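The values are calculated or read from the model by the stated rules, or taken from the named source; none is laboratory data. On a predicted model such as this, the values are computed, not experimentally measured, just so you know. Cβ placement follows ideal geometry from the backbone for every residue including glycine, while neighbour counts extend to all protein chains displayed. When the accessible area is computed, the model is the full protein with side chains, heavy atoms only, and any ligands, DNA or RNA have been set aside. Shrake-Rupley method; radii C 1.70, N 1.55, O 1.52, S 1.80 Å.
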Amino acid sequence: MTMNVTNHRVPEQGVSRAAGVDDPASSQRSEPDAAPALPTATKPGAIRRIVSTRAFIAVRSFAAFLALWYLLAAWVGNPIQLPSPLRVAAALISLGADGELFDHALISTTRLAISLVVAVLLAVPLGFFMGLSPKANAYLDPVVELLRPISGIAWIPLGLFIFGVGDVLPVFIMVYVAFFPLLLNTIAGVRHVDGKLVNAARTMGVGRRAMLRHVIVPAALPTVMVGFRLAFAGAWAAIIAAELIGSPSGLGFAIEWYRQLLMTPKVYGFIVVIGIVGYLCDLALRALQRWLTPWAEGMELA
Amino acid sequence: MTTRTAAAPNRTHWNSVLEATLVPALLVFAWQLWAMTLATDPRSPSPTHVATTFVDLVSNGGLIGATLQSLGRVVVGFGLALVCGVVLGLLMGSNRRIRDIFDPIVESFRPIAPMAILPVAILWFGTGTPAALSIVTYAAFFPLLVNTVHGVSRVDRKLVLAAMTMGVPRARILARVILPAALPSIMLGSRLAMGVAWTAIIAAELGVGAKSGGGGSGGIGQMMFVFYAYSIDLNAIVVCMIVVGVVALLIDRLFRFVEYRLMPWRH
């Protein structure tokens, strides 16, 4: 019942609260911060149009979310379970100031990059081989289908035994997780190359190597890129699990470490960082996708 | 997978059986040979030891109990996510303003891996079932929501307009027109969500097991961790991995089967 009441109250308080959160040092002067928004809203023309855009609506949603979080934190009253967004912001700033945040984020993204590169080097050539040769596919596909249902997470205990706690385990788990979407999408991409393109090239006397390089690779690349983004999404979820259980560093390790120390604001801070880094990586991959395969506009993840 | 060729001539049937089993059989054989060159410790992993361990674990009931416990959590978590995801997805898909409001929040939570929620879940709920459940629900929520929104926004406008012309109330349109039209998408979301949920429960149980000294969480994920941390029984770990894989496969097949029965026109 109380939840309903707070829910209704949120929109009015939302904007001013969020203005305070953006700048924790000035949380008291939330009113002046909100004030400049008023004149812009009354001005006609371009500025007004900006205010009614999706960006403004997004900011409003975040403001409402932060306000709800703030009220919920006040209602729970237990900073170890749910610290207020202000405390989390302060924790984030202190983590950023002493560089710890960037250290862990850098370690995790380096591992991510290494394992994605390894997975591409393993999966894409194999995918081309299996996609081009039906015989190879018939023999190798059963192995893939046997291993694929075993999630990367389930390899963690065995991986811990083989590699021990350290850098290799998260990379191994991520390579395993990233391998299958890359392989399957490469096979599908190679198989679904438009037969007309291949025939047209053949009619014009194109050789095998040129066919591969100029026809099959460009035609299959968009699907491979979709596989790459799926691989990234899987790997990003897996690295947190792998680091949390079997690594002495990285973002996944950090959240659990501070949980054990009951420094909850830092736990939430690192969770925010996980979200931001994941989001930025996805943005980068989208840009890469557009840059590498500009002819594949409109192909999206299912 | 190979039984589909039953109607084909015998030779191709045997050919496909050979193709499907040759490389896996060779790999298992190589593993067995490699294991026999190792020390003859009964705990060192080999196919025969894995098989005997499997029989042991099944006959003492531990494996089946743990698997059922994990499955139960997945089903409950999936159910919660289904209700939340489909309801919010219907609202977001059919109403532009609601979509604009929730979209930024949903999109900013999506890159946060389910396992990142684990420390918070432990702080809130301890190391028992609720912590694992919350992770499963969180993991399953996003595929369900995204696919429901996608399905609803793809519903043929003409169907909705036709129903409106005939004076059907909004709530009824949602339940009788939009929901069935979005069902294929929701089913796809369910299958993806169930797969993710099964991965997440293993991760959650492993993580809880690893971080609370064995803890009281139970389930097959924790069983694996106990075998790693306390008895270093690699055969048992491999048995658990195989069971995890088989359950994932069965879940996937079950959902494909239901999809096929509900919507045979799509195949």
query = Where does helix B:47-59 land angle-wise versus the long Cα axis of chain B, in degrees 0 to 90, nearest 10?
reply = 70 degrees
query = For region A:100-296, what is one quarter of the convex hull surface built on the Cα atoms, given in nm²?
reply = 12.3 nm²
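Using the scaling law 2.2 N^0.38 Å as the reference, what is the normalised Cα Rg of the protein assembly as shown?
After normalising by residue count via 2.2 N^0.38 Å, the value is 1.06.
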ask   = In sequence order, what are the phi-derived ³J(HN,Hα) couplings for region A:113-124 according to the Karplus relation 6.51 cos²θ - 1.76 cosθ + 1.60 with θ = phi - 60°, rounded to whole Hz, with x for glycine and proline?
value = 5, 4, 6, 5, 4, 4, 5, 5, 4, 7, 7, 5
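Under 15 Å from the Cβ of B:A163, count the other residues' Cβ atoms, weight Lys and Arg +1, Asp and Glu -1, and hand me the total.
Taking every Cβ under 15 Å from that of B:A163, the sum is +4.
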task = Would you mind classifying region B:47-262 by shape? Square roots of the alpha carbon gyration tensor eigenvalues, ordered a ≥ b ≥ c; an a/c under 1.5 is rounded, otherwise it is prolate if a/b is larger than b/c and oblate if not.
result = prolate
Karplus 3J(HN,Hα) series, Hz, for region A:205-217 with 6.51 cos²θ - 1.76 cosθ + 1.60 (x for Gly, Pro) = x, 6, x, 4, 5, 5, 4, 4, 6, 9, 10, 6, 4
request  = Taking only Cα atoms and a 10 Å spring cutoff, compute GNM fluctuations for chain B and point out the largest among B:I201, B:I178, B:I112.
outcome  = B:I112
request  = Quickly rank A:265-276, A:126-137, A:64-75 as a protection proxy: mean count of other C-beta atoms within 10 Å, highest first.
outcome  = A:265-276, A:64-75, A:126-137
query = Could you state the number of Å between the C-alpha centres of region A:116-178 and region B:225-267?
reply = 17 Å
key: region A:100-296 - percent of accessible surface contributed by carbon and sulfur, probe 1.4 Å   = 71 percent
task = Convert each backbone phi in region A:66-77 into a coupling constant with the Karplus relation 6.51 cos²θ - 1.76 cosθ + 1.60 (shift: θ = phi - 60°), then list the ³J(HN,Hα) values in order as whole Hz, x for Gly and Pro.
result = 5, 5, 4, 4, 4, 5, 4, 4, 5, 6, 5, x
